[in-house]
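Okay, so here's the structure we're looking at.
The values are calculated or read from the model by the stated rules, or taken from the named source; none is laboratory data. Treat the numbers as computed from the prediction; the structure is a model and nothing was measured. Note: ideal-geometry Cβ built from the backbone for every residue, glycine included; neighbour counts use all protein chains shown. These accessible areas exclude ligands, DNA and RNA; they are computed on the full protein's heavy atoms, side chains included. Shrake-Rupley method; radii C 1.70, N 1.55, O 1.52, S 1.80 Å.
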Amino acid sequence: MAANNRRMSGKKGAQVGSGGQRRKGLEGKGPTPPAEMRKKHKKNRIANAKAKQAARRPATLKSRGGKGTSEMVVGRNSVVEALREGVPASMLYVQQFIDNDERVREALQLAGERGGIHLMEAPRPELDRMTNGLNHQGLVLQVPPYEYAHAEDLAAAAYDEGEDPLIVALDGVTDPRNLGAVVRSVSAFGGHGVVVPERRAAGMTAGAWKTSAGAAARTPVARCTNLTRALEAYKKAGIAVVGLAADGEHTVGDLEALGGPVVIVVGSEGKGLSRLVGETCDYRVRIPMPGGTESLNAGVAAGVVLYEASRRRA
């Protein structure tokens, strides 16, 4: 009866079942958002201004970069070589009940020493399915997608360091080993990166990583949708575009433009520069070859011109 009288009285107070509502009222609204996301904050205004500035950049320089595709390295020798050369890897698949020979032990040791590589034991049928029936010999290395830079990043990084950009662009080079060799030469002579087209061109595969001999870890590779437009954008930014051609009007040793901001364009060994790319170049240079050889592969040709550019900058 006392309980009934309490409920019918006119006194203010807690009502039955109101505890949960009060707890909700006392709950916070979550963590304070960062300054960049708070309206009217100075950092928010700066972030918005940067976003608008990026949206106004030329489309050619802004396009693309992004990620490549993941890759599988299969076979005991190939896996061990990839791990030795520092090819990025995320997973090492090992066949169940595999014969534990010297190469398997080395692969496991290298993966353990590198860190960040997960080991996964899998039955043979699963590895056969993953590799589409290739002769994997019980070892499969998963290589994650390569993170390409933007074309504008290469020049911006050079200017940030107080240096004139020294960049190599590849036109029609489809062999990943040539790309790896060019990356290695760019790194050796103090260049700032390599630009490759998105289509009909070699990408940063495990083979390119191995040929670069570790240089790919410190030399960025940028990818663009249209090489001609990317070169035109570099020209508008005050960077000379120099194309290598057997019938070039200048020789490498005589071209003073190599001492300033420059993009060196290297074509394929067989076809050389494509027509549009050749017409876009400010200069076309040749490498004198007294021995009579008709052409050099992309890695060697790039190395010769990069040496001359480096010599002029010293």
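Consider region 73-108. How many of its residues are more than 23 Å from Arg177 (Cβ to Cβ) and more than 23 Å from the chain's Cα centre (by Cα)?
14
Of the conditions (1) within 22 Å of the chain's Cα centre (by Cα); (2) over 12 Å from Ala155 (Cα atoms); (3) of a type outside the set (A, V, I, L, M), Tyr234 clears all except one; give me its number.
(2) is the only condition that Tyr234 fails.
Could you look through region 245-280, keep only residues that are at pLDDT below 95 and part of a strand (DSSP E or B), and pick out the one that is most open to solvent (accessible area, probe 1.4 Å)?
Only one residue fits best here, namely His250.
Looking at region 140-149, can you tell me whether even one residue there is of a type outside the set (A, V, I, L, M), more than 19 Å from the chain's Cα centre (by Cα) and open to solvent by less than 40 Å² (accessible area, probe 1.4 Å)?
no
Name the residues in region 151-176 that are open to solvent by 40 Å² or more (accessible area, probe 1.4 Å), within 19 Å of Pro261 (Cα to Cα) and assigned to a loop (DSSP other than H, G, I, E, B), would you?
Matches in region 151-176: Glu161, Gly162, Glu163, Asp164.
Is there a residue in region 232-247 that is of a type in the set (Lys, Arg) and closer than 23 Å to Arg184 by Cβ?
no
Within region 128-139, take every residue that is within 28 Å of the chain's Cα centre (by Cα) and not β-branched (Val, Ile, Thr) and give me the one that is surrounded by the most Cβ atoms within 10 Å (Cβ to Cβ).
Once the filter is applied, the top-ranked residue is Leu139.
Quick one: would you say Val73 is more than 30 Å from Ala237 (Cβ to Cβ) and either assigned to a helix (DSSP H, G or I) or open to solvent by less than 10 Å² (accessible area, probe 1.4 Å) (or both)?
No, not satisfied.
Would you tally the residues in region 211-242 being open to solvent by 10 Å² or more (accessible area, probe 1.4 Å) and outside any helix (DSSP H, G or I)?
10
Go through region 79-108 and report how many residues are open to solvent by less than 70 Å² (accessible area, probe 1.4 Å) and touching a residue at least 60 places away in the same chain (Cβ under 8 Å).
Going through region 79-108 one residue at a time, the tally reaches 5.
Suppose we filter region 109-126 for residues that are under 26 Å from the mean Cα position of the chain (by Cα) and either surrounded by fewer than 16 Cβ atoms within 10 Å (Cβ to Cβ) or acidic (Asp, Glu) (or both); how many remain?
Final tally of qualifying residues: 7.
Pick out the one residue from Ala309, Ala301 that is in a helix (DSSP H, G or I), touching a strand residue (DSSP E or B) at 6+ places or on another chain (Cβ under 9 Å), small (Gly, Ala, Ser) and without any contact (Cβ under 8 Å) to a residue 60 or more places away in the chain.
Ala301
State all residues of region 177-210 that are farther than 15 Å from Ile167 by Cα and open to solvent by less than 50 Å² (accessible area, probe 1.4 Å); if no residue qualifies, say none.
Answer for region 177-210, where residues must be farther than 15 Å from Ile167 by Cα and open to solvent by less than 50 Å² (accessible area, probe 1.4 Å): Asn178, Ala201, Ala202, Gly203, Met204, Thr205, Ala206, Gly207, Ala208, Trp209.
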